[in-house]
Amino acid sequence: MQDSTTTADKRIVEELNYGSKTAKRVGWEAWEFSVEAPHLVRVTNASYGCEKDDHSYLVGVEDRDGLLVPAECECPADKYNEEYDCKHKVALATIGGPVVLQTAVDCPTPTVDGEGADSKTLVERLRADGGVIVEEQREDGAGVIEAEHGCPNGEKWCSGPGADSLPCFACFQSTEGE
């Protein structure tokens with residue numbers, strides 16, 4: 001078996017402060033990594049199976065004189081223990097390694113229309129086609145409250161941006177039984 005540890009891998013790990021217990025846990029547990037935003041990697045402990053989402057934290061990546069290093073984590077262990085680094089940062093450095101760290105740094109900053117970021121929040125930019133906010137509700141004969149809805153243009157099919165011939169969600173629900 002070949003040892004594929006590079007000099008960069010060793011330098012990254014040397015930047016962290018952790019004990020043998022943390023090193024063992026990192027080696028025994030299953031890890032998943034996903035780049036969420038520039039300089040942010042979601043580190044998930046997949047050993048928890050269907051509860052792994054409860055064991056998922058964002059880890060910030062910092063450039064220290066050309067060396068990319070996991071710098072901060074939102075987990076309780078990292079927040080409240082100033083002496084040692086948490087297992088999520090150690091996992092990112094050792095298991096994810098330079099490839100995941102570099103990918104996090106290379107992640108493009110979200111922009112609108114190829115221009116600089118505008119004043120809209122990410123939630124506003126990712127919002128669906130623009131269905132109508134429900135303001136009125138009515139009670140049917142069985143005592144169930146149903147929401148009144150309508151298309152922004154008062155049409156059966158929405159003509160919002162990018163909708164072409166697709167209905168908004170509220171319109172789709174109302175035509176489902178036709």
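Any read-out appearing in this document is the output of simple, stated calculations on the displayed coordinates, not a laboratory observation. Keep in mind it's a predicted model, so treat the numbers as computed, not measured. As a convention, Cβ positions derive from the backbone with ideal geometry for all residues, glycine included, and neighbour counts pool all protein chains shown.
So how far apart, in nm, are the two label points at I95 and E74 if each is 7 Å from Cα heading toward Cβ?
Rounded to a tenth, the inter-label distance reads 1.9 nm.
From the phi of every residue in region 61-68, what ³J(HN,Hα) in whole Hz does the Karplus formula 6.51 cos²θ - 1.76 cosθ + 1.60 yield, where θ is phi - 60° and glycine or proline is x?
Working through the residues one at a time gives 10, 10, 8, 10, 6, x, 10, 7 Hz.
Read phi for every residue in region 88-103 and hand back ³J(HN,Hα) as whole Hz from Karplus 6.51 cos²θ - 1.76 cosθ + 1.60, θ = phi - 60°, with x for Gly and Pro.
Values per residue, Gly and Pro as x: 5, 5, 5, 4, 4, 5, 8, 8, x, x, x, 5, 5, 4, 5, 4 Hz.
Going down the table (K21/K87; K52/K87; K21/K89; K24/K79; K10/K89), which pairs top 18 Å between alpha carbons?
Table pairs above 18 Å Cα-Cα are K24/K79.
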